[in-house]
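Inspection log for the structure reproduced underneath, given as structure tokens.
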Amino acid sequence: MRFLLACAILFGGIAPSAAQNVISIQLLAATQVERNIGFSLALRQLDLRCDVVQATRFRGAIGAFDKWEARCHDGHTYTLAVAADEKVPVKLLSCQKRGRTNKSDDRTVCLSK
């Protein structure tokens, strides 16, 4: 399931915010539990290691993307780029596990397999 589809199902309202795209505005309007579920689905779709997303945070904009952070109970923290266009997949910017940062081209610590 694509991240956008999960968000569309979970989030209906739009609220004003610092986000630059509609998807992020909807995420900000959602409850923390709804955001955690949405990001759990996105991480699973990207085949990334995360037992349970316990917190998410909007981190600002980078170019055409809004930057989000998802923190997992198992110690992984992911920084993701979310585009306004539903056809553009969520992109992994970086991941961290116990103080070790990995760029998106070296995801071995973060891959679920």
Can you list the strands (runs of 3 or more DSSP E) lying wholly within the stretch 38-94 that have 1 or more residues being buried (at least 22 other Cβ atoms within 10 Å of the Cβ) and among the β-branched types (V, I, T)? 53-62, 76-83
Neighbours by Cβ (under 9 Å, 6+ apart or cross-chain): first from the stretch 17-42, over 15 Å from A81 (Cα atoms) and among the β-branched types (V, I, T); second at pLDDT below 90 and in a helix (DSSP H, G or I): I37/A6; I37/L10
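So which of I37, I25 is at pLDDT below 90 and of a type in the set (A, V, I, L, M, F, W, C)? Give the derivation first.
Details: I37 fails: at pLDDT below 90.
I25 is the lone residue from the list that is at pLDDT below 90 and of a type in the set (A, V, I, L, M, F, W, C).
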Need the failing condition index for T31 against (1) crowded, with 16+ Cβ neighbours inside 10 Å; (2) out of contact with any Cys (no Cβ under 7 Å at 6 or more places or on another chain); (3) at pLDDT 85 or above, just the number. (1)
Conditions (1) modelled with pLDDT of 90 or more; (2) in a helix (DSSP H, G or I); (3) of a type outside the set (G, A, S): number failed by I9: (1)
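The values are calculated or read from the model by the stated rules, or taken from the named source; none is laboratory data. Everything numeric in this text was worked out from a predicted model, so none of it was measured. Here the Cβ is made from the backbone with ideal geometry for all residues, glycine too, and neighbour counts use every protein chain on show.
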